[in-house]
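The values are calculated or read from the model by the stated rules, or taken from the named source; none is laboratory data. For clarity, every value in this text was computed on a predicted model and none was experimentally measured. A quick note on method: Cβ atoms are made from the backbone with ideal geometry, for glycine too, and the neighbour counts reach across all protein chains shown. These area figures cover heavy atoms from the full protein model, side chains too; ligands, DNA and RNA do not enter into them. Shrake-Rupley method; radii C 1.70, N 1.55, O 1.52, S 1.80 Å.
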Amino acid sequence: MTRAELVAAARASIARGSKSFAAASHLFAPKMRERAWLLYAWCRACDDLADGQDHGHGMTRIDDAPARLARLTALTEAALAGRETGEMPFDALRVVAAETGLPAGFARHHLAGFARDAAEWRPATEAELLDYCYQVAGVVGCMMAVVMGVSPSDETTLDHACELGLAFQLANIARDVAEDASVGRCYLPGDWLAEAGIAREALLADPARLVPLVRRLTDRAAQFEARARHGTPALPFRAAWAVLAAARIYGDIGRKVATLGAGALTQRVGTSRGEKIGAIYSAWHQARQRERLYPPIGGPALWERPRL
C-alpha cells in the first residue's frame, strides 16, 4: 500500500474503533493527524489481535494467545526495522516510525502489556496495575507525544503524556469491569479485592460491592488526567487542543462511571456527540490559555514511568 492508502485505511480504523479519539484527532494539523491515525491503526490492531476483538468490539475468549503474541512481535519488529509486512497496521507503524524517529523501545514496551494478557496475568497490587496501564496505554501517550513533535529526550513532557495514557486506561478498566469478567479477565488489584472480601471468580455476584473499587479507579484516573494537562504548554496549539479535548472526552467517561455506580456495570458508558462537541469547544479555550492554566508542577510524581 502507498502512504496515502495506509492513511485512508488508518482513518477508517479510528473512525470505527474510537469515536472519542477520532473526534479529537481532527483537531491536529493535517500531517500530524495522518501520523496519529497511522499510530492508532497499529495500536488498535495489536489490541484486537490480543483480545479477539474487531476494532475494540466483541471481546471473546482466545485459546491461542502465545501464537498471537508471537505474530504481533514478529510483524512489529519487521516494521521497526523498516521492512514492508503486507499488513496495513504494521506498515502504518513502519511509516510513522520512520517519519518521526519513534524510539523502538516504546513499541516494545507496548507489546509487553499484551504478553501479560497472553499469560493470563492479574495485578496483585495497584503498583502492578499501573505498570500494566503504562504498557498498554501510558507508553502510547509517549508515542503520541513523539508524533506531535516532542523530543524523545524531553522526559518531563513524556511523563505528562504517559499520565494521560494512564488516565485513559484506568477509565477504560473502570468502564469495562463487567465485560472483562465475561471473558475471564479482572484488572482490579488483588489486594483491593481481598480488602473488600470479593473473590475474582465471583466478581459480579454482588455488583454493588464493586462500586467503591470502581470509584477508586476513576478517582485515580482523574488525578492522572489533572497532572497530564500540565504537559500541553510544550505542544503546538492544535496538538494541545486535541490533547485537551481527548482528556475531557475520556475523563467524562470516567466521571460518568463514577456517577452511575452499579448502573455502570450493566451498560457501556460513553459520551454523546453533543458532549464531544462541548468538550472540543471547552478545550479550544483551555489550549489558548494553557501556559497560564497549566504551569510547570513540582513535587513527586504520582507514578514513575520506566525509562528506555
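Quick notes
- Taken together, the residues in region 225-241 that are open to solvent by less than 50 Å² (accessible area, probe 1.4 Å) and either modelled with pLDDT under 95 or within 17 Å of residue 296 (Cβ to Cβ) (or both) amount to 9.
- In the set (1) exposed (fewer than 11 other Cβ atoms within 10 Å of the Cβ); (2) not in a loop (DSSP other than H, G, I, E, B), the condition left unmet by residue 249 is number (1).
- No other residue among 283, 287, 301 is open to solvent by less than 60 Å² (accessible area, probe 1.4 Å), under 18 Å from residue 222 (Cα atoms) and modelled with pLDDT of 95 or more apart from 283.
- Region 88-115: number of residues that are open to solvent by 60 Å² or more (accessible area, probe 1.4 Å) and farther than 24 Å from residue 131 by Cα: 2
- Those residues of region 149-198 which are in a loop (DSSP other than H, G, I, E, B), at pLDDT 95 or above and within 17 Å of residue 220 (Cβ to Cβ), in sequence order: 187, 188, 189
- Scanning region 252-286 for residues that are assigned to a loop (DSSP other than H, G, I, E, B) and either on the phi > 0 side of the Ramachandran plot or charged (D, E, K, R) (or both) yields a total of 1.
- Count of region 51-83 residues, restricted to those that are under 27 Å from residue 102 (Cα atoms), modelled with pLDDT under 95 and among the charged types (D, E, K, R), is 4.
- Some residue of region 117-136 being of a type in the set (A, V, I, L, M), open to solvent by 40 Å² or more (accessible area, probe 1.4 Å) and at pLDDT 95 or above: yes
- Screening region 203-252 for residues that are among the small types (Gly, Ala, Ser) and without any contact (Cβ under 8 Å) to a residue 60 or more places away in the chain and picking the one that is farthest from residue 288 (Cα to Cα) gives 205.
- Filtered by the rule that a residue be outside any loop (DSSP other than H, G, I, E, B) and within 22 Å of the chain's Cα centre (by Cα), region 287-308 gives a lone residue, 287.
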